Structure formats: structure tokens, C-alpha cells
Amino acid sequence: MEFMAKATALVGGTVALMRRMGSPKHQAMGSAPEIPEAKSQGIMTLKMPVAHGWAHGHVPTCAPGLKVNAFASGLDHPRWIEVLPNGDVLVAESKEQPSAPRTLMDHAAQATMRRVKAIGISANRVTLWRDADGDGAAEMREVFVEGQNQPFGMALIGEKFYLGNTDGIVVFDYKSGDTSLTGPGRKLVDFKPGGHWTRSLITSPDGTKIYAGVGSLSNIGDQGMEVEEGRAAIWELDVEAETARIFASGLRNAVGTAWEPSTGALWTVVNERDGLGDETPPDYLTTVVDGGFYGWPYCYWGDTVDDRVPQDPELVARAIKPDYALGGHTASLGLCWMPEGTLPGFGDGMVIGQHGSWNRSKLSGYKLIFVPFANGAPSGPPRDILSGFLSEDEKLAYGRPVGVAIGPDGKSLLMADDVGDVIWRVTGA
């Protein structure tokens with residue numbers, strides 16, 4: 001395995017260097033992005049920094065007027081955050097578990113992921129963190145629930161706590177102030193596990209529905225579309241009836257979701273396909289409508305056909321163009337709505353945790369960004385909130401942004417960092 005990692009790094013580095021010379025000068029960003037023509041890569045670009053973590057006193061770089069501190073540390077690959085009404089902060093600790101590689105590229109991709117601790121033994125738990133004295137750092141840690149199957153998304157409705165494992169949604173009884181859950185929980189929905197394994201959850205504003213992101217198994221339906229049935233979609237669970245259906249489809253890997261309050265629209269961030277170039281196609285932020293189809297795997301950014309895939313012209317004709325491009329392979333995962341007044345100098349908008357690329361010649365993402373909104377839609381270019389997660393030579397990753405949430409005080413932002421094993425807290429300086 002060590003030999004494979006070194007060989008992958010050498011070959012991947014050489015391929016990335018060659019491709020960097022002809023890479024696009026600008027990222028495909030915004031409502032009207034310039035997306036370069038697709039160039040099928042053959043051998044996919046593999047470039048991943050080595051997981052390094054944060055030395056004592058080293059923290060991410062803040063936007064002017066902000067400051068950052070560790071709210072919680074010493075976690076095991078923290079991915080997702082849920083803030084409970086009583087102020088307790090829940091953190092899902094989990095990671096991808098390697099499946100048997102099918103091809104040489106699978107071997108190489110897994111070796112690449114191990115460089116940044118993105119694959120391996122999963123903690124499979126949710127921990128509870130409490131900042132009782134209000135100083136911005138949690139002093140209490142409890143195991144909220146363990147023995148789960150790659151837990152990720154979390155949602156609370158009344159006295160029912162919902163957890164998104166990779167193989168489905170489980171519900172537990174919960175009372176305000178509980179520091180742990182009891183019993184095995186009750187499974188409500190089955191999902192196909194593996195592949196893009198994360199299962200984000202968000203409740204509807206009226207508490208009657210839960211929406212869950214379920215990513216594809218493969219890049220472009222590589223193993224056939226039968227195994228992709230029920231995947232590359234956002235599901236809707238009716239809480240009272242305990243029935244579930246596909247709400248929207250053609251979303252290769254929709255992870256974070258958020259409600260825009262003025263319109264009531266559901267928004268998501270989607271990780272697009274690989275192997276067509278550094279900026280082709282871009283990851284994106286978009287509204288999600290009931291019954292909507294967003295192109296995967298047949299096409300991207302509307303009706304731009306991916307000619308590597310056996311086509312379905314009717315679905316291509318139905319494909320909805322996303323609202324806002326986030327740059328190629330930024331791995332935009334975390335998403336939350338941030339109202340004006342949360343952080344000084346920032347108005348209404350969406351906050352996005354960009355986990356960062358592993359398959360382009362010049363790394364992208366590795367930032368916590370803000371997209372301003374006006375009249376229910378993106379209204380300008382993104383702004384950095386936190387950066388500095390990469391070394392200047394792109395060889396080391398100090399951290400990688402994932403889940404984001406508004407802090408319990410309403411005046412801070414919390415962000416999970418699964419390489420630094422930290423929950424960062426951002427506030428006004």
C-alpha cells in the first residue's frame with residue numbers, strides 16, 4: 001500500500017504538472033461562468049496534499065474584521081455539525097471506508113485519499129460538545145451516539161432525533177438536555193451505502209419533512225445505471241407517515257442543503273463529475289425543485305452533453321441549469337444560510353465549506369467562502385471567510401473545511417475541519 005501511495009504521488013504529480021501548463025487561467029464561478037470545453041483525460045489527474053494538521057498557535061487565515069478559535073479539538077475526522085435548540089453542538093465523526101478496488105485507478109484513488117486521511121477506519125459516532133460558560137470553547141464532551149454506519153446528517157423535530165447513516169435514516173427518542181441517546185434507534189428509510197457515502201439531512205421549516213442528500217455510486221454511471229437507482233438524488237421523508245420518495249434527481253453528489261428564508265426555496269451544493277478538465281464542469285450551488293432533474297450523468301450545466309455516457313435525449317432536454325458555479329472540483333460540501341448581522345461586514349448569504357480538490361492540476365477549494373444574496377438569489381462574487389488551509393507549495397493540508405453551522409449565540413460560525421480534527425469558531429474581531 002505504501003508503494004502504491006508513492007507511485008501514485010509520482011505519476012499523479014507528473015501528470016498534474018503537464019496539465020497545469022495548459023490549465024484555465026480563471027475559475028468557472030458565478031451565475032454566468034465561462035466553462036472550458038471538455039477534454040477527456042484518459043488517465044485522470046490525481047493530486048492530493050499530505051495531511052499535516054495545525055501546529056500549536058497556527059490557525060486559519062480570517063477575512064478582515066474576523067477572528068477564529070478552536071471551539072472543540074481532538075476529534076476523529078469531524079464531518080458535520082448540528083446545533084441543538086439548547087445550544088449543545090453535535091459533531092458527526094466518520095470517514096469513507098475502503099471498498100475492494102476494482103481497477104488500477106481505484107487503487108490509485110484510494111492511495112491518494114489516504115494521503116489526506118480521507119479514507120480508513122471510521123469512528124462511527126456523534127459527539128456532543130457544550131460551552132456552558134459561554135467563552136467560545138466547549139469544556140464538556142460526551143458520546144451522544146456510537147456504533148453507527150458512517151453517520152453524517154442530523155435533524156431534530158420535537159423529541160425525535162434523526163440521523164443519516166450511509167445506509168439509511170434512523171430515528172431516536174430525545175429530550176432537551178440529553179447528553180446521550182439510548183437504544184438502537186429505529187430505521188425509517190433504506191439507502192444504498194458506499195460510493196458518495198454522505199447522507200445530509202435538513203428539516204422543512206414546518207417540521208413535517210426531512211430532506212436527505214444521497215450521492216451517486218460512481219463518477220458517471222461507470223457500473224451501469226441499475227446500481228445507481230435511488231442515488232444521485234435528494235430524498236424527501238414525510239415525518240408523520242414515515243414514507244420517503246425521490247424529491248429531485250440528476251444531482252451527482254448533493255451534500256449540504258439550506259433554506260433561503262425570503263423565498264422559502266431549498267438550496268444545495270453539488271459535486272460534479274471528474275475527468276473532463278480542471279474547470280469542467282464546475283461544482284455548483286442551486287435551488288432544488290420538486291421533480292427537478294439536474295443532468296447527471298448524461299449532461300452538465302444544463303444540456304451540455306457528456307459524450308462518455310450512453311445518452312437519454314429526453315432527460316437531457318429536461319435538465320435544469322444550476323444557479324451559481326463554484327469552480328471546478330472545489331468539493332463544496334458544507335452549506336448554511338447566514339443572515340445579515342451574524343458576522344461584521346457580511347450581509348445575507350450562503351456559507352460554503354469547500355473541502356478541496358484532489359483531481360486537478362492546480363488545487364482548488366480548501367476555503368470557507370460566502371456567497372452574497374439579494375432578492376432570494378446570489379448577488380455577487382464569493383468572498384473568503386477562512387483560508388490558509390494549504391501550504392503555499394500545495395504539498396501540505398493543514399486542514400480541510402467540511403460542515404458549517406451558525407453558532408448557538410447567533411453571532412458566530414462553526415466549521416468542521418476533518419484534517420485538523422477541529423471545530424473552528426469564527427466571530428467578529
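Any read-out appearing in this document is the output of simple, stated calculations on the displayed coordinates, not a laboratory observation. As the structure is a computational prediction, the values presented were derived from the model and not from experiment. Cβ sites come from the backbone with ideal geometry, for glycine too, and all protein chains shown count toward neighbours.
You can think of it this way: the chain between ARG245 and GLU37 has 71.3 nm of extra reach, that is 0.36 nm per residue less the Cα-Cα gap.
Phi angles of region 140-151 translate, via the Karplus equation with coefficients 6.51, -1.76, 1.60 and θ = phi - 60°, into HN-Hα couplings of 10, 10, 9, 7, 7, 7, 9, x, 8, 10, 6, x Hz per residue; Gly and Pro are given as x.
Shown in residue order for region 365-373 are the 3J(HN,Hα) couplings computed by the Karplus curve 6.51 cos²θ - 1.76 cosθ + 1.60 at θ = phi - 60°: x, 6, 8, 10, 10, 10, 10, x, 10 Hz (x for Gly and Pro). Scanning residues 5 or more positions from PHE373 or on other chains, those with amide H under 5 Å from its amide H are ASP348, GLY349, MET350, SER379, with H placed 1.01 Å from N in the peptide plane. 3J(HN,Hα) along region 352-363: 10, x, 9, 5, x, 7, 9, 9, 9, 6, 10, 4 Hz, from the Karplus curve 6.51 cos²θ - 1.76 cosθ + 1.60 with θ = phi - 60°, whole Hz, x for Gly and Pro.
Between amide H atoms placed 1.01 Å from N, distances below 5 Å from ILE157 occur with TYR162, all of them 5 or more places distant or on a separate chain. Start at zero, step by 10 Å, and the Cα-Cα distances of region 194-323 spread as 13, 46, 32, 9, 1 percent across the bins. The Kirkwood radius of region 37-175, taken over pairs of alpha-carbon atoms, gives through the Stokes-Einstein law at 25 °C and 0.890 mPa s a diffusion coefficient of 138 µm² s⁻¹. Think of it as helices only: each DSSP H run of n ≥ 4 in the chain is worth -39500 (n - 2.57), and spread over all residues that comes to -2500 deg cm²/dmol at 222 nm.
Amide H contacts of GLY334: GLY353, HIS355, each under 5 Å away and 5 or more positions distant or on a separate chain (H built 1.01 Å from N in the peptide plane; Pro and chain starts excluded). Mean silhouette area of region 270-419, derived from the convex hull of its C-alpha atoms and averaged over all directions, reads 10.2 nm². As a rough footprinting exposure proxy, the listed residues LEU333, LEU217 were ranked by other beta carbons within 10 Å of their own, and the order from fewest upward is LEU217, LEU333.
In terms of its Cα atoms, region 25-93 spans 49, 31, 26 Å along the principal axes, sorted from long to short.
Here the scattering of region 298-375 is modelled by Debye summation over its C-alpha atoms, one equal scatterer each and no solvent; at q = 0.18 Å⁻¹ the log10 of I(q)/I(0) is -0.88.
When you work out D = kT/(6 pi eta Rh) for the chain at 10 °C and 1.306 mPa s, using the Kirkwood radius from C-alpha pairs as Rh and the Stokes-Einstein form, the result is 74 µm²/s.
For the chain, the relative contact order comes to 19 percent (Cα pairs under 8 Å, sequence separation of at least 6). Taking label positions 7 Å along the Cα-Cβ direction at both SER73 and GLU340, the computed distance is 3.7 nm, reported to one decimal. FRET efficiency for the LEU104 to ASP190 pair, using the beta carbon distance and R₀ = 35 Å, is estimated at 0.60.
In this simple spin-label model, placing a label point 7 Å from the Cα along the Cα-to-Cβ direction at both ALA374 and ASP393 gives a separation of 4.4 nm.
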